[in-house]
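What follows is calculated from the coordinates using simple rules that are stated; it is not laboratory data. Just so we're clear, the structure is a prediction, and the values are computed from it rather than from any experiment. Ideal geometry is used to build each Cβ from the backbone, glycine not excepted, and the neighbour counts take in all protein chains shown.
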Amino acid sequence: MNRNEFLRSLAGSALAFGAFSTQSFAKGTSSSGVLAAPFKQEPLPYAFDALQPSIDKTTMEIHYGKHHAGYVTNLNNAVKGTKFENMALEEILKNIKGAPAAVRNNAGGHWNHEFFWNVMAPGKGGAPKGAVADAINAQFGSFDKFKEAFGKEATGRFGSGWAWLTAQNGKLSLGSTPNQDNPLMDVADFKGMPVLGLDVWEHAYYLKYQNKRADYVSAFWDVVNWDTVADNLTKAK
């Protein structure tokens, strides 16, 4: 079985998973009143085929139904009986130093994917407008220059990881993190409040783009939900 056949077989397994393991748990609350474990996977905000041709249906079924669902299940198992069990997800990320690898990897994987699904939408894409456009132009000179710089972060991340646009202290910054780390983590070399993020793990693009990560990054701009990015920027401020 070659790599593509293997990945496609996972899609069939995902469909057999019923409701894609959405983990319909009744969440608890942390000491601050913020939702804590057990965590659940939120419904995908669009159909699996809605982002085609940029991201194909089979990839979305595998990515959401197997990879993301697995992070949620593994996170709930990893935090059980630990100090992290009563923390909200972002609390865990901000206090991840010294945490077991299973907590770090799966907490990051869950948060990153929930964020990722929501910064994309069908019928969106193109160039940003309003406050987002103004902020990008002020920081990077133009949207084209921003895309070029973001693309370098995304294609330059060796192995698996994420590319990010963050806001911190009124400034936009570009960077990347390895594996399922993100800029909210206290151990991250690149910190800030995420405004936009792109998954550059191979499972996010390999079925359609194979080893052509740059083509996947280019196609991403056709499905970016700039309304959500604008909301993220407002919250970051």
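What to note about this one:
- Reach of K212 by Cα under 19 Å, taken over aspartates and glutamates that are not fewer than 8 positions away in the same chain: E5, D56, E148, E153, D199, E202, D222
- Checking the Cα-Cα distances for K97/K152; K147/K208; K57/K147; K40/K66; K171/K191 against a 19 Å cut-off, the pairs over it are K97/K152; K147/K208; K57/K147.
- With a cut-off of 13 Å between beta carbons, the residues surrounding R157 carry a summed charge of -3, where Lys and Arg count +1 and Asp and Glu -1.
- Length gained on full extension, Q210 to N179, computed as 0.36 nm times the residue gap minus the Cα-Cα distance: 9.3 nm.
- Taking other C-beta atoms within 10 angstrom as a stand-in for reagent exposure, E114, E61 fall in the order E114, E61, fewest first.
- Centroid-to-centroid separation of the stretch 196-221 and the stretch 158-194 [C-alpha atoms, Å]: 18 Å
- Cut-off under 5 Å, modelled amide H: who pairs with S160 long-range: N179
- Taking F140, F84 and counting other C-beta atoms within 10 Å, the order from fewest to most: F140, F84
- Its relative contact order, with pairs defined as Cα atoms under 8 Å and 6+ residues apart, puts the stretch 86-164 at 14 percent.
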